[in-house]
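To keep things clear, I will list the structure first and then write my remarks on it.
The values are calculated or read from the model by the stated rules, or taken from the named source; none is laboratory data. This is a predicted model, so every value here is computed, not measured. Counting neighbours? That spans all protein chains shown, and the Cβs are built from the backbone with ideal geometry, glycine included. We work out accessible area using only protein heavy atoms, side chains counted, and drop any ligands, DNA or RNA first. Shrake-Rupley method; radii C 1.70, N 1.55, O 1.52, S 1.80 Å.
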Amino acid sequence: MTKGDLIFDGNEKQIFATDQPDRVIFRYKDVAVAYNNVKRARFKGKGALNNQISAMLLDYLNRNGVETHFIELLGENEQLCRKIEIIPLQVVVHNRIAGSLATRLGVEEGFRHPNTIVDMRYNDDDLEDPFINRDHAVAIGLATYEELDRMYDTARRVNDLLKPLFHQAGIELVDMKLEFGRATDTGAIIISDEISPDTCRLWDEATEERMDKDRFRLDLSRVVESYTNVRDRLKKVFES
Ligand code: 5GP
């Protein structure tokens, strides 16, 4: 596998072409951004941690029948992935209400509810990732109803797999954002972005301390230490 041209240079990740048309290399940067790129900082080691955490989680999903873009780890900051055609939607699963949903619904952070909530945002920085429903998404040609059904079903399945996995690590999966794409090799709808403390809310079950990107968003300090803790706890679960 030969690394080719840089085809996407994002805030927190880069994507490189390879000598195979349906394969790309994701490179995770030591950068964090938040609030639609308004807040930005460097955290040495964050890229490697997200690369490792995402690899563990995506590999676990692949092994449990949920297709993802992840193929294999290539190095500290890089992983080999399937190439996809982007679907610009974020599917967010909530097990407890926090963050923007708490503000939107006027309930306190950490509000417990008996059901699993799945909602969807239009991934568009200029529009600040607005909430969008299925009819809107179909109307503007982002996906078909069948594809949306598949994304919602997969999001629930991912939650059913990852919630107990995090529980084994003493971590509560409060919410998570998933992105999907159409694999260029088979056309299947697959998970096509990282799953990591950058894209999930992860609270320590014993103390409710935040172990995710909210540490950066809310200036809670110990960002890399918390991500390291998540990596180490998950590693232990997979080794046992
Ligand atoms: P909220 O809507 O409260 O900002 O986010 C809900 C969940 O989705 C959180 O776990 C958050 O980390 C994730 N999330 C929402 N939007 C984004 C985004 O644009 N980028 C990333 N990395 N995560 C997001």
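Just to be sure I understand, how many residues within region 201-211 are outside any strand (DSSP E or B) and under 18 Å from VAL91 (Cβ atoms)?
So the first thing to find is which residues in region 201-211 are outside any strand (DSSP E or B), and the list is 205-209, 211.
Right, trim to under 18 Å from VAL91 (Cβ atoms) and you get none.
Qualifying residue count, region 201-211: 0.
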Number of positions in region 201-216 that are open to solvent by 20 Å² or more (accessible area, probe 1.4 Å) and in contact (Cβ under 8 Å) with a residue 60 or more places away in the chain: 2
Qualifying residue in region 111-122 (condition: open to solvent by less than 40 Å² (accessible area, probe 1.4 Å) and either within 24 Å of TYR227 (Cα to Cα) or in a loop (DSSP other than H, G, I, E, B) (or both)): no
Failed condition for MET151, given (1) within 13 Å of LEU89 (Cβ to Cβ); (2) within 12 Å of the chain's Cα centre (by Cα); (3) open to solvent by less than 10 Å² (accessible area, probe 1.4 Å): (2)
Residues of region 1-57 that turn out to be under 21 Å from SER221 (Cβ atoms), open to solvent by less than 80 Å² (accessible area, probe 1.4 Å) and assigned to a strand (DSSP E or B), as a count: 6
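Buried (at least 16 other Cβ atoms within 10 Å of the Cβ) and in a loop (DSSP other than H, G, I, E, B): which single residue out of ASP185, ASP175, ASP219, ASP198 fits that description? Spell out the reasoning first.
On the way: ASP185 fails: buried (at least 16 other Cβ atoms within 10 Å of the Cβ); ASP175 fails: in a loop (DSSP other than H, G, I, E, B); ASP219 fails: buried (at least 16 other Cβ atoms within 10 Å of the Cβ).
Only one candidate qualifies: ASP198.
Filtering region 73-98 down to residues that are more than 24 Å from LEU148 (Cβ to Cβ) and not in a loop (DSSP other than H, G, I, E, B), which residue is nearest to the ligand (Cβ to nearest atom)? Let's see the steps before the verdict.
Taking region 73-98 first, the residues more than 24 Å from LEU148 (Cβ to Cβ) are 73-80, 96, 98.
Adding the requirement that they be not in a loop (DSSP other than H, G, I, E, B) leaves 73, 78-80, 96.
On the way: LEU73: 20, GLU78: 19, GLN79: 17, LEU80: 21, ARG96: 11 Å.
Result: ARG96.
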Sole exception among (1) surrounded by 13 or more Cβ atoms within 10 Å (Cβ to Cβ); (2) in a helix (DSSP H, G or I) for GLU146, by number: (1)
Among (1) open to solvent by 10 Å² or more (accessible area, probe 1.4 Å); (2) out of contact with any Asp or Glu (no Cβ under 6 Å at 6 or more places or on another chain); (3) more than 25 Å from TYR152 (Cα to Cα), the one test that PRO88 misses: (3)
Conditions (1) under 17 Å from the mean Cα position of the chain (by Cα); (2) more than 14 Å from the ligand (Cβ to nearest atom): number failed by ARG42: (1)
